[in-house]
Amino acid sequence: MSDVAVIPAETLVDRALRRVTGLWRDMAERVSGREEELSIAEQMRACLAARGGEVSARARAAKLAAAYRSLPAADRLSFLRTLAEFDADPVAVENAMAQWTSATDVAGKAAAKVALRRALESPRVRLMTQFTGIPDGVKLLVDLREDLLGLMGDDPLLRALEADLKTLLASWFDVSFLELRRIDWNSPAALLEKLIRYEAVHRIESWEDLKNRLDSDRRCYAFFHPRMPEEPLIFVEIALVQGLAGSVQALLDPTADVMDPAKADTAIFYSINNCQRGLDGIAFGNFLIKRVVDVLSQEFRNLRNFATLSPIPGFCRWLAAREEAGAEGLLTPEETESLRQAAQAAPGTSGLAALQMLMARKDWDMPTMKALEPVLNRLCLRYLAVEGGRNPKRAADPVAHFHLSNGARIERLNWRGDISAKGMRESAGMMVNYLYDPEAIEDNHEAYAGEGKRAMSAHVRKLVKS
């Protein structure tokens, strides 16, 4: 295999999609020739009419699916608007509501409620459900919602369509339906190719890099849906190590010795990736971590700690916003003076401006790091453990919120834990370990979800209070 992860012009994934589209076209040929020239809206009405039995219904759905897939991204908005217009009949809804209002006994109310529920069901919901009867139809709906999220804007009909589709997908992708599978170097090539495509936390630079991440002291697990058996929904990458890992570059070093997993005492979750944008807002990441903890505990009795090595993607953005707002109270007078001197800033330069000047330096020499380290450590811990977003009870950082809401605790901050260009740009190189203590997960979750209390180690708590 090549040492560079260059994806060919037509990948295995592209060929699979082409095969599915071809299958849809083959199915669509079963539809009567009289329907060949129908508009999209007319095809949708024909699907809802369900003439000719199950085979014809699937053929019409396949024809619509092929039509949608063949549209350039810029032209899909018209298709989505047409689909959105198949809304509930307002007259039928009003009649059902009147029936409910006029009903005087329990039986009448019950019958009216059934009628109202039927009247409120949009024809577009029945239409979208028909796609599940064709090969890869569920994947089509997931991709359709991804398109919707990018195109709907404030359009009320499109937003209503998205809400209907999200409700459908949430019921179909309940965690009880999902299968946990391990991915290793012997997994199908098309699946390995998808890992390269979907990895967004720490980019996979080469096939050799991928192989290293799937070695004997590594694990990768993903959730799959039975109707999308070749498409990972979310996956997590794990390193089996001794003690907490503090540097992602060291963790992913391809020249490092492979560790005997039997000697590891810690499982480090260092990358969690949602693969299907069309499933945004449908949560199963917390279930994935807990399931993997159970699996690893059974496989390796020597594991004592389950922790993450996580990015802090909002930290630098938060710092920049504080500077713009003139929030000088973030820094002590001593910190401000130290930063001014290190940055050789003009008299009167604010401490936060001097901080940004130092952080903007391309290469941090020892004097720069000596000035930055204590300040960035303190501010980053404040950002994680104290600062809130629009909801003050919710951690400002999205990754922190994810792990804290799952019941983890803030265990340790890692100076220069990620010195990649992305890590320096987003978090000034800072990373954090969140620890999952199986005995405390539920209590931590309840405290955070109910009162906004953020669990943290005694060491972190002491630093935050100082």
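Mind ranking 149-155, 283-289 by how tightly packed they are, going by the mean number of other C-beta atoms within 10 angstrom, highest first?
Peptide ranking by packing, descending: 283-289, 149-155.
Which order, highest average first, do 156-166, 212-222 follow once you tally other Cβ atoms within 10 Å for each residue and take the mean per peptide?
212-222, 156-166
Ordered by residue, what ³J(HN,Hα) values in Hz, to whole numbers, does the stretch 351-364 give under the Karplus form 6.51 cos²θ - 1.76 cosθ + 1.60, where θ = phi - 60° and Gly and Pro are x?
Residue by residue, the stretch 351-364 yields x, 5, 5, 5, 4, 5, 4, 5, 5, 6, 5, 5, 10, 8 Hz.
How large a share of the accessible area of the chain, in percent, is made up of carbon and sulfur atoms when the probe is 1.4 Å and the other protein chains stay in place?
With neighbouring chains kept in place, the figure for the chain is 52 percent.
Using only Cα atoms, tell me the angle between helix 333-343 and the longest principal axis of the chain; keep it within 0 to 90° and round to the nearest 10.
90 degrees
What number, rounded to the nearest 500 deg cm²/dmol, is the helix-based mean residue ellipticity at 222 nm of the chain, given -39500 (n - 2.57) per DSSP H run of at least four residues and division by all its residues?
Counting only the DSSP helices, I get -16000 deg cm²/dmol.
Which lysines, on any chain, are close to K109 with Cα under 30 Å apart, when same-chain ones fewer than 8 places away are left out?
K166
Sort out for me the Cα centre separation of the stretch 393-408 from the stretch 264-332, rounded to whole Å.
Cα centres, the stretch 393-408 to the stretch 264-332: 8 Å.
Relative to the first principal axis of the alpha-carbon coordinates of the chain, what is the inclination of helix 106-120, with its axis defined by its Cα atoms, in degrees from 0 to 90 and to the nearest 10?
Long axis of 106-120 versus the principal axis of the chain: about 80 degrees.
To test your reading of the geometry: what angle, between 0 and 90 degrees and rounded to tens, separates the Cα axis of helix 315-324 from the longest principal axis of the chain?
80 degrees
State whether the stretch 146-203 is rounded, prolate or oblate according to the following rule on the C-alpha gyration tensor (a ≥ b ≥ c being the square roots of its eigenvalues): a/c under 1.5 gives rounded; otherwise a/b larger than b/c gives prolate, and the remaining case gives oblate.
oblate
Of V55, V248, which has the most accessible area with a 1.4 Å probe, and how do the rest follow in descending order?
Result, largest first: V55, V248.
Return the distance in nm (one decimal) between the two label points of a simple spin-label model at H459 and I419, each offset 7 Å from Cα along Cα→Cβ.
Result for the modelled spin labels: 2.1 nm.
State the three equivalent ellipsoid semi-axes of the chain, derived from the C-alpha gyration tensor as the square roots of 5 times its eigenvalues, in descending order and whole Å.
47, 29, 23
Can you list the residues, at least 5 places off or on another chain, whose amide H is less than 5 Å from the amide H of M456, using H built in the peptide plane?
I410
Of the listed peptides 113-119, 232-238, what is their order by residue-averaged count of other C-beta atoms within 10 Å, with the highest listed first?
Highest mean packing first, the order is 232-238, 113-119.
Skip the ligands, DNA and RNA, and give the accessible area per residue of the chain with a 1.4 Å probe, whole Å².
Per residue, the chain has 50 Å² of solvent-accessible surface.
Quickly work out the E42-to-A103 label distance, labels modelled 7 Å from Cα along the C-beta direction, and quote it in nm with one decimal.
That separation, rounded to one decimal, is 4.0 nm.
Going 7 Å from the Cα of E179 in the Cα-to-Cβ direction, what parts of the stretch 293-333 have a backbone nitrogen less than 15 Å from that spot?
none
Express in nm, to one decimal, how much length is gained between A74 and A447 on full extension, taking 0.36 nm for each residue of separation and deducting their alpha carbon distance.
129.7 nm
The values are calculated or read from the model by the stated rules, or taken from the named source; none is laboratory data. If you're wondering where the values come from, they're calculated on a predicted model, not measured in any experiment. All Cβ positions, even for glycine, are placed from backbone atoms using ideal geometry, and neighbour counts span all protein chains on display. Ligands, DNA and RNA are excluded from the accessible area calculation, which covers all protein heavy atoms including side chains. Shrake-Rupley method; radii C 1.70, N 1.55, O 1.52, S 1.80 Å.
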